[in-house]
Amino acid sequence: MQDRYLHEVEVLRSKLRELRGGVDGKRLRQRSESEPGAGFGGSCQDSSWEPKRARDGSPGLTENLNCCYIEDTKCSSYAQHQSEPSVSHSSRLEVMHVHKPSVHRGHNTKILHFPVSSKTVIGKHSSDLHDDDDASLSSDSDFADSERTCGSGEDGDSKGEPGEDSEEDDQSVLSSLTTISNDSNTPSVVGETLGSISLSDHAHRKVIPVTSMIETKGLPGCLRMSLFSYVPPYIHFTMHDVKGEGLPAEIQRHMKWKLSTITPLVIRRTLVNSGFRLVRKSNDWCGTWGKHMKSLCFKTLKEFQKINHFPGTFQIGRKDRLWKNLYRLMTKFGKKEFGFIPRTYVLPQDSKLLRQAWEKSCGKEKWIIKPPASARGTGIKVVHRWAQIPKKRPLVVQKYISQPYLINGSKFDLRLYVLVTNINPLRIYIYDDGLVRFASVKYSSDMASLGDRYMHLTNYSINKMSSQYTQNEDATACQGHKWTVKTLWTYLEKEGVDVTALWNSLVDLVIKTIISGESSINQLTRANLVSRYCSYELFGIDVLLDETLKPWLLEVNISPSLHSSSPLDLAVKGPMVRDLLNMAGYQVPNKLLIAQQEEILSSFGVKDKTIPLCFDKRLYITALSKEERNKHSFYQQNCSREEYLEDILKHLTPDDVRHLIQSEDELTQAGRFLKIFPTTATHMYHEFFEAPRYYNMMFDAWENKYSGNRQEGIELLESLCLQKAHLVIPVPGGLTKSSASQSKTFPTSPSPPPAHEEKYETQPVVERKVQCLSSVALYRAARPRSGKFSVVLKPYPRSAYLTRKAKPSITPAKTSSSAPTNSVIEVQSSSHPTLDDHPVKEVASY
Ligand code: ADP
């Protein structure tokens, strides 16, 4: 499976290399040699970007440079489609689709470098700018100060220890939205000495002029164009030790990054090098990297703000929740699928069960006890006597993996970095490297040694205190008590281990772990996030290998440490941070007047009207039109895989197009992250979702059709973007709104509408099933429509999800405070206005 991923990524990379070498490199070199200062943007004036060039039949620059064209079939399809009266668009677009070849900016052509015009002032450092409202940080002393207040040990995953009743893993993050929290649960730092390696010393920092980067490495400038028309560019992040070109002052003044108590130095350096301003006090920021926060706090995010968490990820980030979620799936699908987490008992609830298991093993087993929501080995002990187990406080008691795989006699665990860029559709990436952390004392299974934390625990925070701990300064060496995962693979390969199979089982573990929390995260995300733009999350997943090399999931960190106290840490985390920020896709907040935007674009030399500058909230809305809801319902209820593979892509809705373009844009930035969900092979995981998800089906179909030829998929999407299909948004009442088109769906092939279209348009439906966690979600679900609702209640404390403002006036027909998980109750909704004429059937779409 991994081969396939690697192949997929390799194909993309080679396309990008081609593009950079062949397109950007060539074009940029041309520009920089002949027109210094004009840059690539100047070439937009070249009419090769204009459709009329294509109409002339002249090859145009893009054609020479491996540009691809919309296929005949699609052209005719669109030509047909455009003849329908309901579709209106500019004559220019009509011409593009009727005449072949039509030049457009596909995968290989649409990366622009914005030149620095004489009109545009470039802020080299954030300190070049002054803003009375904000304390802008950029100097090294600022970094140092900030690091002292907020750092932690480099293994210092941040995980709050909330009160018992808390739904969240980290209460202190609450404050990160409005103030810089001082209540870090991490020790004051001495740990992160990144500055002493390379960052705090300007003299030693590599400053590579962007022009030479473009020529030598094919990197674009400060902004990276989307693959698609009418999609604003993204900020291009450089490495923590590479000074980027900087952003024009008019843009940079809006690129505020709010520091939290845990923003790691490697992130801050990356941000400053990429043109961001670091601020301590501002409500106007566009990015932040902090601890997790309560779900309701996500409601305060503005559409253009992005945070490194999804609501609800404590469902996998807390050890007790993680177990409960995986145990639920284990019960349903068996140990073969989900038996990768050691048997766990959550006290006090599971006290009796633990007692029984204990007696069964006659006290010969070893157990490990852990606080349910802590990190860095805090409060962890390996025990074997009943009396050693505290009975009164909440605790996780887990079977101890007593025969771990040893290297040089020592136990180790793996830290894998996993990026989730979207929850529904689910998109998971795994970084191709990670950390291997060794215990500093050689392992013994002797009961008498159980108290030795340097032997049984592998946390860096613990082992660095050991006199036997040795650093490993070399990222490629098998030495010391920390290795990179890549080095481990090299070592294991030499030992004759099938590393590919091992990697595949790790990927399988990761996908299933994320899916175990998907339902709750998805519900809380829908309930609390104003825009899909606002969230992404990096997880640190810890895995132990036993003597048979079976991977065991130890825990999921929702704020994995990015502290980098050694060159080895930096070698792993530096490029990872750059890649993940690029994948997260930051855009310039929409705070500039249209005229200002136009002026900036023209100062760059960009004349192409299909290139906007600022964030467009329409691209990230979650509301669906009636047709879209109907399409979702249809596929979620009625479809086999064969059926949806056959026709789910035939007519794309504007919402489909928005999702697909984001995913394709994101994939171009994956760098060393490997996409592990969705791929052509991941449909087999669909059954583990609590409910069928339309988007996952659509992406399954998309991967199936285009993973072997992404270019074709990108061209198709671009042709739709040129019609502004992605900008068609629903307005209240179920209509769609767009400046360009009132089209409901966009055919992607000349075939007649698929059978399901009629089905889902006409299906008479009277009942709607909604899964929800709380009365808030229930209220949200019920509000749009009247009718009869089936509600799936979850036995979580309602207090955590309730908001006083949103009191539903819904009378449960039958309810019970002790309702078991997934019990279905009937709820009558009578007091809410009907917005839709025809209530539709949706099964578990919430
Ligand atoms: P923390 O979040 O505090 O790091 P972990 O669950 O990761 O807690 O446990 C800390 C360390 O304890 C791990 O790195 C690993 O070495 C060891 N450990 C944890 N659980 C087990 C287990 N079930 N069997 C063997 N060792 C374990």
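The values are calculated or read from the model by the stated rules, or taken from the named source; none is laboratory data. Please read all numbers here as calculations on a predicted model, not as lab measurements. Cβ coordinates were reconstructed from backbone atoms using ideal geometry, including for glycine residues, and neighbour counts include every protein chain displayed.
Of note:
- When we screen 550, 609 for residues that are surrounded by fewer than 21 Cβ atoms within 10 Å (Cβ to Cβ) and either farther than 26 Å from residue 340 by Cβ or among the small types (Gly, Ala, Ser) (or both), the only hit is 609.
- All positions within segment 261-296 that are under 27 Å from residue 515 (Cβ atoms) and out of contact with any Ser or Thr (no Cβ under 8 Å at 6 or more places or on another chain): 294, 295
- Residue match in segment 575-586 (condition: among the β-branched types (Val, Ile, Thr), in contact (Cβ under 8 Å) with a residue 24 or more places away in the chain and assigned to a helix (DSSP H, G or I)): yes
- Contacts under 8 angstrom Cβ, first residue in segment 365-391 being at pLDDT below 90 and within 12 Å of the ligand (Cβ to nearest atom), partner part of a loop (DSSP other than H, G, I, E, B) and of a type in the set (Gly, Ala, Ser), 6 or more apart: 373/160; 375/156; 375/158; 376/153; 376/156
- Evaluated against (1) within 16 Å of the ligand (Cβ to nearest atom); (2) of a type outside the set (Phe, Trp, Tyr); (3) at pLDDT 95 or above, residue 563 falls short on exactly one condition, (3).
- Of all residues making up segment 697-724, the number that are out of contact with any His (no Cβ under 6 Å at 6 or more places or on another chain), assigned to a helix (DSSP H, G or I) and in contact (Cβ under 8 Å) with a residue 40 or more places away in the chain: 17
- Those residues of segment 333-365 which are surrounded by fewer than 17 Cβ atoms within 10 Å (Cβ to Cβ) and basic (Lys, Arg), in sequence order: 335, 336, 352, 355, 360, 364
- Within segment 530-560, tally of residues that are away from the ligand (no atom under 16 Å from the Cβ), at pLDDT 95 or above and part of a loop (DSSP other than H, G, I, E, B): 2
- Filter pass, residue 461 being in contact (Cβ under 8 Å) with a residue 60 or more places away in the chain, in a helix (DSSP H, G or I) and within 16 Å of the ligand (Cβ to nearest atom): yes
- Out of 319, 299, 324, sole residue that is surrounded by 22 or more Cβ atoms within 10 Å (Cβ to Cβ), outside the structural domain of residue 589 (by the TED database) and out of contact with any Ser or Thr (no Cβ under 7 Å at 6 or more places or on another chain): 319
- Helices (runs of 4 or more DSSP H) wholly inside segment 604-679 that include at least 2 residues being touching a strand residue (DSSP E or B) at 6+ places or on another chain (Cβ under 9 Å) and in contact (Cβ under 8 Å) with a residue 60 or more places away in the chain: 626-638, 654-667
- Flag if residue 341 is within 16 Å of the ligand (Cβ to nearest atom), within 30 Å of residue 584 (Cβ to Cβ), assigned to a loop (DSSP other than H, G, I, E, B) and modelled with pLDDT of 95 or more: yes
- Enumeration of residues in segment 416-455 that are farther than 20 Å from residue 379 by Cα and within 12 Å of the ligand (Cβ to nearest atom): 435, 436, 443, 445
- Filtered by the rule that a residue be outside any loop (DSSP other than H, G, I, E, B) and more than 8 Å from the ligand (Cβ to nearest atom), segment 392-402 gives 395, 396, 397.
- Residue 368 satisfies every condition listed in (1) outside any loop (DSSP other than H, G, I, E, B); (2) among the β-branched types (Val, Ile, Thr); (3) over 28 Å from residue 312 (Cα atoms) except (3).
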